[in-house]
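Below is one structure; the comments refer to it alone.
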Amino acid sequence: MKLLEKTSRIYLLASLFIYLAVGIAFYWIISFMIYDEVESRLVVERRDFETYIHSNNTWVNNSYFVENKIEVVPAKEMQDETAFTDTLIYNRYEDSMDPFRQLTFYTLIAGSPYRVVIRKSIVESYKLIEAISAAMITFLALLMIGMFVFQRSLSGKLWRPFYDSLAKIKDFDWTKNKKLELTASEISEFNELNEVMLKMSSKMQHDYKSLREFTENASHEIQTPLALINARVEQFIQSKDLSEGQTHWIEEIYHAARRMSRLNQGLLLLAKIENQQFTEQEEMDLAALILLRLKDFEDIILHKNLTVRTEQTGKFIKMISPALADILVTNLLSNAIKHNFPDGQLTVTAGKDFFIISNSGNALKAAPDRLFERFKKESNGAESLGLGLAIVKQICDNYDLQIDYQHVDSMHSIRVFA
């Protein structure tokens, strides 16, 4: 959820809560004021009634009190009780029960106690409350909608520089020499954020350039003396003046130099993959590529007398560096053939968005979840570096591919899927 949408929702919920509370309070205040006014008028009517009784010392129906629905009933005894209550009275004209506010008190008429009830209709008061409430709800709703729209519009304009900068940061490629350019804003916080992002991008480009130069220089500077060592060792091996012991030690040096050369190449390749130095990408059909690269291993397959089964049910299209796609497929096939039994089985299944390479072989010595770690290897041979599957895992991570391993019925299976 975007920040603007989140703040708008919070603002809307807070506004609804505040307006609801204000509306309830306003309703009770209006009701209190209206009831207070009605009760004040009932008190005035009581004074008029008492004045009339005091002057005439008797009571007869008087049109002056008709509107107020006055009721005078003899009482058994005089009580000093005065109460305001609500009641409903049937309206025969509209066939409805109308609300009234009534004042009940006791008085003496011609020396006898009477209970007097003076009633006043509050229908108009209720209508007034309903009209005021409806108007208030309408105005508050319009105010809330107006403030919400205004707030979204204002927030959109205020946050536009941030989203413009965010779009430029998303499109920024630190592998290129082009510097990040962000638009200045009137808001200080956004300008401070832009300054931080510019410094970070500049540092990233500098570090990337330095690391790339280091890997290139290291590859060149290390490979050159290693090649020289290998060349000189080969000359010693071909010499006829060496004893058997000297020949053995020179061969050990030769194999160690070759291993060091391959180790250097593997680690540098991992560094280049991690730093995304393979920038050229195109759509590759990995399902077709793995079946194509299988033909390159025909000699080794014949030498180990492996039974090969292949099946392709669809295309596995992925935007990927062609060089890395080739390394991915080649490493997996090489690993499956290297760790296979003589006269073993090799199965390649490829389809839409996946491929599986299965081979027979001994059970794993290490934990399966550590199979793709660097320098984790099953073979103790000098030719094994333990980097092949680590390189495969790094390539998969860089291109959002999933990889997993399964061992079922002496068959090791590695699946790569989108």
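The values are calculated or read from the model by the stated rules, or taken from the named source; none is laboratory data. The structure displayed is predicted, hence computed values, not measured ones. Counting neighbours? That spans all protein chains shown, and the Cβs are built from the backbone with ideal geometry, glycine included. In case anyone asks, the SASA skips ligands and DNA or RNA and just uses the protein heavy atoms, side chains included. Shrake-Rupley method; radii C 1.70, N 1.55, O 1.52, S 1.80 Å.
For the range 98-189, the relative contact order works out to 17 percent when only alpha carbon pairs closer than 8 Å and six or more residues apart are counted. Toward the positive end of the charge dipole of the chain, with +1 on the Cβ of Lys and Arg and -1 on the Cβ of Asp and Glu, the farthest Cα among Val38, Phe354, Thr183 is that of Phe354.
The relative contact order of the chain comes to 9 percent, based on Cα pairs under 8 Å that sit 6 or more residues apart.
Of the chymotrypsin sites (Phe, Trp or Tyr not before Pro) in the range 37-141, the ones in a loop by DSSP (not H, G, I, E or B) with at most 12 other beta carbons within 10 Å are Tyr93. Of the chymotrypsin sites (Phe, Trp or Tyr not before Pro) in the range 206-314, not one is in a loop by DSSP (not H, G, I, E or B) with at most 11 other beta carbons within 10 Å. A DSSP coil position with no more than 13 other Cβ atoms inside 10 Å describes the following GluC sites (Glu not before Pro) in the range 256-320: Glu280. Near Val233: Cβ cut-off under 12 Å, other residues only, Lys/Arg at +1 and Asp/Glu at -1. The net charge is -1.
GNM remark for the chain: springs join alpha carbons under 10 Å apart, and the peak mean-square fluctuation among Leu182, Leu16, Leu198 falls on Leu16. Labels on offer are (i) 5, 22, 31, 24, 13, 4, 1, 0; (ii) 4, 19, 27, 24, 16, 8, 2, 0; (iii) 4, 12, 14, 12, 10, 8, 6, 6, 7, 7, 7, 4, 2, 1, 0, 0, and the one holding P(r) over Cα pairs in 10 Å bins from 0, in percent computed from this structure is (iii). Projecting the Cα atoms of Asn331, Ser165, Pro368 onto the charge dipole of the chain (Cβ charges, centred on the Cα centre) puts Asn331 farthest toward the positive pole. The distance from the alpha carbon centre of the range 265-339 to that of the range 79-95 is 94 Å, rounded to a whole number. For the range 1-132, the carbon plus sulfur part of the accessible surface works out to 58%, probe radius 1.4 Å.
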